[in-house]
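S.K.: Below you will find the structure I want to go over with you.
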Amino acid sequence: MIDPPKHAAVTYSVACVQRPNAFAPSLTSAPWSLAGGIGVGAAAQQCGPQALVRSTATPRGMTDQPRPAQCCTMEAGLYVHVPYCVRKCAYCDFNSYAIGRQHTQPYVEALLAEFRLVQRWLGVTGAIVPAFGTAYFGGGTPTTVPAAQLGSVLRALTQAFPLAQNPEITVEANPGTIDRAYLEELRRAGFNRLSFGVQCLNDRLLKAIGRIHTAQEAVDGVRWAREAGFDNLSIDLIYALPGQTVADWRDTLERAMALQPDHISLYSLMVEPGTPFWRMLAKGRLNLPDEDAELEMDVLAQQVAEQHGYERYEVSNYAKPGFRSRHNQVYWHNGPYLGFGAGAASYWDGERRTNVRLPKAYIQRVAAGELPVEDAERLEPRRAAGEMVMLGLRLLDGLDVREVRDRFGVDVLWEFREHVRRMSDLGLLEVRGTRLRLTEKGLPLANEVWSGFVI
Ligand code: SF4
């Protein structure tokens with residue numbers, strides 16, 4: 001007989017994550033015997049690269065004092081993937097497919113069935129399921145699905161996996177797929193954060209990259225979202241687009257600031273294998289800005305965002321005070337999350353699981369009563385620690401290496417000492433006490449710093 005999952009509406013602690021099949025919930029006031037203390041004072045400074053000493057006990061500079069709850073609690077997240085788009089953008093290599101004339105109902109039913117399967121699976125594993133702080137509907141384009149269907153998915157999701165108090169519930173929206181009534185229905189259904197894929201506010205460039213919407217539709221969408229009651233609104237912008245000048249980018253940034261979003265994600269275009277842009281690049285037909293122009297756009301993005309009161313808190317993300325993305329922080333803190341839908345990934349109980357990618361195969365697997373998992377992998381401690389460092393270094397605050405030690409038993413400053421020393425000597429990485437973070441100089445070269453932690 002299968003036991004139902006046990007739900008515990010309490011905060012989830014880092015220290016719990018690593019114990020197999022034992023997601024013991026921790027109250028924030030619980031003793032933090034597995035956690036280290038905050039690195040302050042002279043002793044903590046000794047943990048820099050100048051003091052790389054191997055230690056099987058508490059590494060130097062790390063104390064076993066109780067740690068204040070805010071530095072070692074994390075939320076668990078829920079992710080729902082919608083793999084449909086109106087059509088594929090020329091740069092996109094996400095797991096998404098042009099929807100054509102398909103109905104979304106079979107996919108929606110598959111999602112509901114997967115919730116039940118995962119709920120049962122968690123019961124089998126004996127896991128105690130925490131209340132989830134965030135839910136995120138991403139894609140693809142979730143807003144290709146009728147609002148009533150998205151609402152029913154959210155209802156079923158939160159019945160199966162209860163949310164904590166004051167959850168962040170995000171849905172991604174493409175400005176070419178929504179109107180005011182649609183957004184009002186999403187808001188009534190319980191979504192409280194909207195992430196708009198604006199990408200740029202220049203019709204010539206939007207067309208060139210294959211977007212289905214105009215700049216004005218994006219502007220209207222943001223206004224309708226506010227009118228519908230979304231008081232937590234994010235927009236995505238992409239720069240270094242083919243044919244884009246620094247002046248174009250400045251214009252998009254200024255117009256985006258006028259929309260007054262609470263959060264902005266700013267990405268430079270990556271030309272990915274298998275995309276139309278990749279093929280155009282191979283044929284010499286993609287007119288990308290040169291490196292100097294891209295760097296100028298990068299600097300400009302940061303300047304304009306900061307001038308308008310946005311804090312850069314992650315390599316590509318800026319927020320007004322109080323509006324950092326809680327869901328993405330689950331990922332960057334290497335926290336636990338359950339992913340549902342075609343190609344969705346989960347990180348749960350120290351194991352990474354990925355669902356089958358193709359929507360049709362996903363629907364068939366779930367209809368047959370099987371978990372639609374294609375890959376499951378439990379990383380060995382050194383690799384898991386390296387990945388946690390890589391994720392944590394995306395945040396401008398960086399990470400505390402004691403959290404890595406607490407979870408994986410790996411002393412990062414020893415295991416990766418040569419890379420840490422080299423990056424520090426180059427001025428790309430700062431080691432202060434037990435905290436590692438990218439320097440200003442290291443931010444544009446983040447890939448180089450990260451790569452040394454995942455080998
Ligand atoms: S809308 Fe987003 S997910 Fe869909 S094709 Fe364009 S970039 Fe990809």
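S.K.: List every residue whose amide H lies under 5 Å from the amide H of residue 343, counting only residues 5 or more places away in sequence or on a different chain, with H placed 1.01 Å from N in the peptide plane.
M.R.: Correct list: 355, 356, 357.
S.K.: Evaluate the charge dipole of segment 274-415 about its Cα centre and quote only its size in Debye, nearest 20, assuming +1 on the Cβ of each Lys and Arg and -1 on the Cβ of each Asp and Glu. Walk me through the intermediate numbers first.
M.R.: Values: 19 positive and 23 negative charges, 148 e Å.
My answer is approximately 720 debye.
S.K.: Calculate, for residue 102 and residue 374, the FRET efficiency according to 1/(1 + (r/R0)^6) with r their C-beta to C-beta distance and R0 25 Å; round to the nearest 0.05. If you can, show how the numbers build up before the last one.
M.R.: Working: r = 22 Å, r/R0 = 0.87.
So, using R0 = 25 Å, E works out to roughly 0.70.
S.K.: How far, in nm, would the chain grow between residue 212 and residue 432 when pulled straight, counting 0.36 nm per residue and subtracting the alpha carbon separation? Write down the numbers at each step before the final one.
M.R.: Values: separation 220, 0.36 × 220 = 79.20 nm, distance 4.66 nm.
So the extension gain works out to 74.5 nm.
S.K.: In addition: Report, in listed order, any pair from 207/283; 207/441; 283/320; 320/360 with a Cα-Cα distance greater than 32 Å. Could you put the intermediate results ahead of the total?
M.R.: On the way: 207/283 20 Å; 207/441 34 Å; 283/320 42 Å; 320/360 40 Å.
Distance filter (> 32 Å) returns 207/441; 283/320; 320/360.
S.K.: Say R0 is 56 Å: what FRET efficiency, to the nearest 0.05, do residue 279 and residue 311 get from their beta-carbon distance?
M.R.: Step by step, r from the Cβ atoms, then E = 0.90.
S.K.: Express the accessible area of segment 74-332 per residue in Å², computed with a 1.4 Å probe while the remaining protein chains stay in the model. Write down the numbers at each step before the final one.
M.R.: Numbers: 10420 Å² over 259 residues.
Accessible surface, normalised per residue, equals 40 Å².
S.K.: Same structure, new question: When ranked by the protection proxy of mean other Cβ atoms within 10 Å per residue, highest first, what sequence do the peptides 183-193, 202-212 form?
M.R.: 183-193, 202-212
S.K.: Also, I was wondering about something else. Sort all Cα-Cα distances of segment 308-423 into consecutive 10 angstrom bins from zero, then give the percent of pairs in each bin up to the one containing the longest distance.
M.R.: Using 10 Å bins, I get a P(r) of 13, 33, 29, 20, 5, 0 for segment 308-423.
S.K.: Evaluate the distance, in nm, between pseudo-label points positioned 7 Å from the Cα of residue 204 and of residue 358 along their respective Cα→Cβ axes.
M.R.: Taking the simple label geometry, residue 204 and residue 358 are separated by 4.2 nm.
S.K.: Given points 7 Å out from each Cα along the Cα-Cβ axis, report the residue 109 to residue 417 separation in nanometres with one decimal.
M.R.: Placing both labels 7 Å along Cα→Cβ, they lie 6.1 nm apart.
S.K.: Mind pulling up the Rg/Rh value for segment 74-332? Radius of gyration and Kirkwood radius, both on Cα. Each step should come with its number before you reach the end.
M.R.: On the way: Rg = 18.8 Å, Rh = 19.3 Å.
That ratio is 0.98, to two decimals.
S.K.: Give the residues of segment 89-107 whose amide nitrogen is closer than 15 Å to a point set 7 Å from the Cα of residue 148 in the direction of its Cβ.
M.R.: Only 104-106 pass the distance filter.
S.K.: May I pose another question? Among 289, 344, 361, flag the residue with its Cα farthest along the positive direction of the charge dipole of segment 285-379, charges on Cβ as +1 for Lys/Arg and -1 for Asp/Glu.
M.R.: The residue sitting most towards the positive pole is 361.
S.K.: Using the per-residue mean of other Cβ atoms lying within 10 Å as a proxy for protection, in what order, highest first, do the peptides 133-141, 395-403 fall? Please report the intermediate quantities before stating the final value.
M.R.: Numbers: 133-141: 24.3, 395-403: 21.9.
Final packing ranking: 133-141, 395-403.
The values are calculated or read from the model by the stated rules, or taken from the named source; none is laboratory data. Predicted, not measured: the structure shown is a model, and the values here were computed from it. Neighbour counts run over all protein chains shown; Cβ positions are idealised from the backbone, glycine included. The accessibility values were calculated without ligands, DNA or RNA, using every heavy atom of the protein model including side chains. Shrake-Rupley method; radii C 1.70, N 1.55, O 1.52, S 1.80 Å.
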